[in-house]
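The values are calculated or read from the model by the stated rules, or taken from the named source; none is laboratory data. All figures in this text were calculated on a predicted structure; none of them were measured in a lab. Don't worry about glycine lacking a Cβ; one is built from the backbone with ideal geometry, like all the others, and counts go over all protein chains shown.
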Amino acid sequence: MARVPDDLLLPLAMAAAAGLIGSITVMRRMTLASDAISHVALPGIGIAILVHANPTLGGLAALFLGTLLVWTIEYKTRIPTEAVIGVVFSAALAVGGMLMPGQDLIEALFGAPRSPASAETLLGLVAAIAVIVFALLAESRLVITLVSPDLARTAGIDVARINLLFLLAFALTVALGLQFLGVLLMGSLIIIPAATAKYLARSLRQMRIISVAIAMLATVAGTLLAPLLRLERGPLTIVVAATLFFASLMKPRHE
Amino acid sequence: MRNVLEVEHLSVSFGKTPVLDDLSFKVEAGSSLAIIGPNGSGKTVLLKALIGAVPAKGTIRWAPKTKIGYVPQKLDIERDLPLTGLEFLRAKANVAGIAATEVSRVLALVDLQADAASQPIGTLSGGQFQRLLLAFALTGGPSVLLFDEPTASVDEPGEEGMYALFHKLQREEGLSLLLISHELSLVYHFADQVLCLSRRRAWIGPPVAILTPERLQEVYGRPMKFHVHDGSSA
């Protein structure tokens, strides 16, 4: 078996996590909401930079708070979730933008070219594996819940709890990609491969495989081709993923 | 006789609109209760309250260790949701902690063909999808089945077969049934008790006592004819 170069290991693990979490996100019809939620990382990164803390951890903290907010609104209040997500999370992007100087802001939004420190790589791998294990173990419960929360209840599933766990796994996945892809583009790595897979797949198994494969392919292509083409890694990765999405549309729609 | 369900003073309202008001009834273990009534009388809401999906006042007491199988009237499923019937049933088996082989037994029981079960669930016909939902409810061996019959039954000829299946499950596995039905003649023959809901009040009793022409006229606001298999019409 060919050895995976060290600087591809974390991106591949992140891509696998993004592909799996993306499958569930797209099947839950959370495509737009999820993109907005990922924006909440920006003020967290901004505050972390201001106080000289690790930006990724700052982003992760903000993401956890943001997802807890979404979950609380959904289960404890009668406020329409859709509107709140639209307002709160775009405002978060604006607040984050005010907190940060130019170069930091660009890197936070679109990803940084530098490699992570080894401690960060290790933590990232642990987090990616945690997301992957969760996505596979909780898949049955997540799938029944997205088909019908009522059926999930009669199957003995704690619907509020599984939804919270899913949102936290989603937040962790976004945080994993902050350094590679940035606040604006990580949501795309979660959504685009899964949206492509949904178009092509006829079963959950196919959905899972195609989504992970496309996320990995785009990540590897972005990482390896960026230096050759003198382009930024993050945007190139997403352009590759989007190209695959449009290519998949060439396939006649299944009936 | 032991009761599988005891409901006391159950009330459900949406905002200020009462849907169910001070409803009390009991269901004996292994018996079948048919729930009838005109549109908007709260039949579906009652089932949802019983599974805890809508907030309700009053007492709902299931017998200890009751396992509920629920067949909803309809679900909004996208046509292109990449999930096959088999995967959906295996997910239930997985959550219930039972062997995946149980899935084929349940599919045979509800008479859903293997090639239909391997299609994405959003592409199934109304009748096939209802059988899949019934298979989902039966996976994991429920002790009570809650069945919400669609208003416009998609494949009419299948309906009587469904009731025959319920009867078999009841006889062989001691299943208790709570079913919303629009087929009064089937109710007359299969149900042990009938719960008749109207917007004003509710009646419960054996079919002979509840399905009287006068009561049905009062509840539905028009004469309801149904076929009693001894050759006469009620």
Region B:94-124, subset small (G, A, S) and farther than 24 Å from B:D76 by Cβ, residue farthest from the other protein chains (Cβ to nearest Cβ): B:A108
Do we find that A:S140 is in a helix (DSSP H, G or I) and either modelled with pLDDT of 95 or more or within 30 Å of B:G69 (Cβ to Cβ) (or both) in this structure? yes
Hits in region A:143-165 (condition: more than 9 Å from every other protein chain (Cβ to nearest Cβ) and either polar (S, T, N, Q) or in contact with a helix residue (DSSP H, G or I) (Cβ under 6 Å, 6 or more places away or on another chain) (or both)): A:T145, A:V159, A:A160, A:I162, A:N163, A:L164
Of residues in region B:125-146 being touching a strand residue (DSSP E or B) at 6+ places or on another chain (Cβ under 6 Å) and at the interface with another protein chain (Cβ under 9 Å from one of its Cβ atoms), the one surrounded by the most Cβ atoms within 10 Å (Cβ to Cβ): B:L133
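Matching residues to (1) surrounded by 15 or more Cβ atoms within 10 Å (Cβ to Cβ); (2) more than 11 Å from chain A (Cβ to nearest Cβ); (3) more than 21 Å from A:V147 (Cα to Cα):
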site: B:V4; (1), (2), (3): yes, yes, yes
site: B:L33; (1), (2), (3): yes, yes, yes
site: B:I36; (1), (2), (3): yes, yes, yes
site: B:T44; (1), (2), (3): yes, no, no
site: B:V54; (1), (2), (3): yes, no, no
site: B:R61; (1), (2), (3): no, yes, yes
site: B:G85; (1), (2), (3): yes, no, no
What about A:I79, is it surrounded by 13 or more Cβ atoms within 10 Å (Cβ to Cβ) and out of contact with any Pro (no Cβ under 9 Å at 6 or more places or on another chain)? no
Please verify whether region B:22-33 includes one or more residues that are among the basic types (K, R), closer than 22 Å to B:A202 by Cβ and assigned to a strand (DSSP E or B). yes
A:I191 versus (1) among the β-branched types (V, I, T); (2) within 25 Å of A:A215 (Cβ to Cβ); (3) not in a helix (DSSP H, G or I): which is the lone unmet condition? (3)
Among all residue pairs at least 6 apart or on different chains, which show Cβ distances below 7 Å where the first residue, located in region B:14-26, is farther than 14 Å from B:K57 by Cα and the second is of a type in the set (A, V, I, L, M) and surrounded by 16 or more Cβ atoms within 10 Å (Cβ to Cβ)? B:F25/B:V7; B:F25/B:L195; B:F25/B:I204; B:K26/B:L5
